[in-house]
Structure formats: C-alpha cells, structure tokens
1. Taking Arg138 and the conditions (1) at pLDDT 85 or above; (2) of a type outside the set (Phe, Trp, Tyr); (3) more than 25 Å from Ala223 (Cα to Cα); (4) surrounded by 15 or more Cβ atoms within 10 Å (Cβ to Cβ), which numbered condition does it fall short on, given that it satisfies the others?
2. Pick from Ala150, Ala113, Ala127: which is of a type in the set (A, V, I, L, M, F, W, C), buried (at least 18 other Cβ atoms within 10 Å of the Cβ) and under 19 Å from His238 (Cα atoms)?
3. Which of the following residues is on the phi > 0 side of the Ramachandran plot and at pLDDT 75 or above: Trp22, Trp89?
4. Any idea which of Leu126, Leu134, Leu99 is touching a Pro at 6+ places or on another chain (Cβ under 8 Å) and not basic (Lys, Arg)?
5. Any idea which residue in region 167-190 is nearest to Phe220 (Cα to Cα), counting only those that are aliphatic (A, V, I, L, M) and free of Cβ contacts under 8 Å to residues at least 12 places away in the same chain?
6. So, Asp81, is that one outside any helix (DSSP H, G or I) and over 17 Å from Ala144 (Cα atoms) or not?
7. Looking at region 43-86, which of the residues that are small (Gly, Ala, Ser) and touching a His at 6+ places or on another chain (Cβ under 8 Å) is modelled with the lowest pLDDT?
8. Answer yes if at least one residue in region 200-220 is surrounded by fewer than 22 Cβ atoms within 10 Å (Cβ to Cβ), assigned by TED's automatic domain parsing to the domain that holds Ile159 and under 23 Å from Arg167 (Cα atoms), and no otherwise.
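The values are calculated or read from the model by the stated rules, or taken from the named source; none is laboratory data. Given the structure is predicted, the values throughout are model-derived calculations rather than measurements. Every residue, glycine as well, gets a Cβ built from its backbone with ideal geometry; the counts of neighbours run over all protein chains shown.
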Amino acid sequence: MRQMRLRYAGACRLCGASLPAWTEAIYESDTKTVLCLECATEATEPISPDLEPPYDDSVSAESGVPGSSARREYERRKAKDEEKLREKWGRFGGLAVALSDERRHTKSWDRGAIGEERLGARLNALAADGLAVLHDRRIPGSKANIDHLAITRGGIWVIDAKRYKGRPELKIEGGILRPRVEKLLVGRRDCTKLVDGVLEQVDVVRDIVGDVPVVGALCFIEADWPVIGGAFSTRGVHVLWPKRLAKALMEQRAGGVDVP
C-alpha cells in the first residue's frame, strides 16, 4: 500500500466514498483498489486492544461471502447475453461481444454485488467479541436473500446494501386531514419499495429469533449524502451510509446498548 494522489476518480473500497481525481488516498497495488485516508487510519489503528478485529479465513468462511449471490447472477446474465450475441453474429460473435456494451439490467447486478462486497469488507473489519456478521443469507422458501446480518449485544441488524446515485431523503405526505405517508426518495426516484423489502426481511428474522430485538437498515453506498446530518429513519428502518452504520455497530459492540 502507498499514499498517493489519484490520477483517476475512484471509490473507497470500505466505505464507498467517492474519491475525485488528485485526491490523497491509499492505493493497494495487489487488489488495484483505493482507500480513503480515514478508512486507512481506522484499518491500521484499532480503537482499543480489546476491539481489534481478529479476522481470519476460517471466520470468513463461516460468515459467508458478501455479494456472492448477486455476483453469480451477474455472471449468469452476462454469459447469457454473450451467448445470444455469438448466436446472432456467428463467426463475428467474438467481435460483437467485445464491441457491445453490457445491458443495463445485467450491469445493475454487477453494481449491486460491488456494493455488497464493499460494505461486507467494512463489516468484517468490525467483527470481534460482541459483534458477529453474516453475509448473503438465503430466505427460506424464497430465491431472495438478506445481504448482511450484524449480531450485537443489543440485538440483530438486518442490513440491505444499495449502490445508488443521488441523495436519499424522506418525503412525508398527509398528516392532519389525510393519512400520513412516508416515502423514501433517492434523487428523484421513489425507492419506498426498498423499505418494504427490509421490513419483510426483518419479519423473517423475528420469526426465527423470537424475543431478540431486530432492526432494519438501508445502507446506501456512494450516495450523495450531505456534509452534516443526512441519516434518518422511516417506519423503523434506518437509512444511512457505511461509516454511520459502522459507528452505530461499534457503540453496540463496545457498550451493549439497546438497538435504537
């Protein structure tokens, strides 16, 4: 690893923060990825000896691989798209594949997998006594999965990672004469269904664990968060970014406070 000014724009592999060209950052030559200076400091200087993350390959194998389902689906769709191009263009199929852009719906699975991988790496770095993490857990009787589970002294966090552009915000309609309706917007996009999805996942986990407190979180990576404030809750689901989520989990890991 070495500190340098980036020649090209990138994103921190742990927190997902955008790093414009010529920003001072840490470049990891082995993985060809970058870390923002804040994450690099956190990774090399544990908060206290008893909170140092003793992560190894065996623990990683037990906790699961972040983004593995999304990555497999992306590879499946990509292979299918390429196969169709080769069939269509015959002996020019290889050239057609090389010159064609990926379909938007196919590429969205790649973006999602990268978001889960980045958030998963950050959660893995936090794991220690008082905090366990699980990734990519299949929901029984469904093809859907839960991106991440964080198990703390205060309860269980069900975390859905999203790599969307735009600023997340809460829009409230009605209230006095009409029923109150809360909508999650990202940019101008109505993403309220994401909250519904997290609540469904929370219900699944509650049915399994019983009286253990369970809370849902939507963690947006690379979103346009404001410098001050920004995080909020809607219908009991926390909407935040990786560093804010990590801070909440660290507080629970260290002090065993109740789930907010």
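1. The single condition Arg138 does not satisfy is (4).
2. Ala150
3. Trp22
4. Step by step, each of Leu126, Leu134, Leu99 is checked, and only Leu126 is touching a Pro at 6+ places or on another chain (Cβ under 8 Å) and not basic (Lys, Arg).
5. Taking the candidates together, the pick is Ile172.
6. no
7. Ser63
8. no
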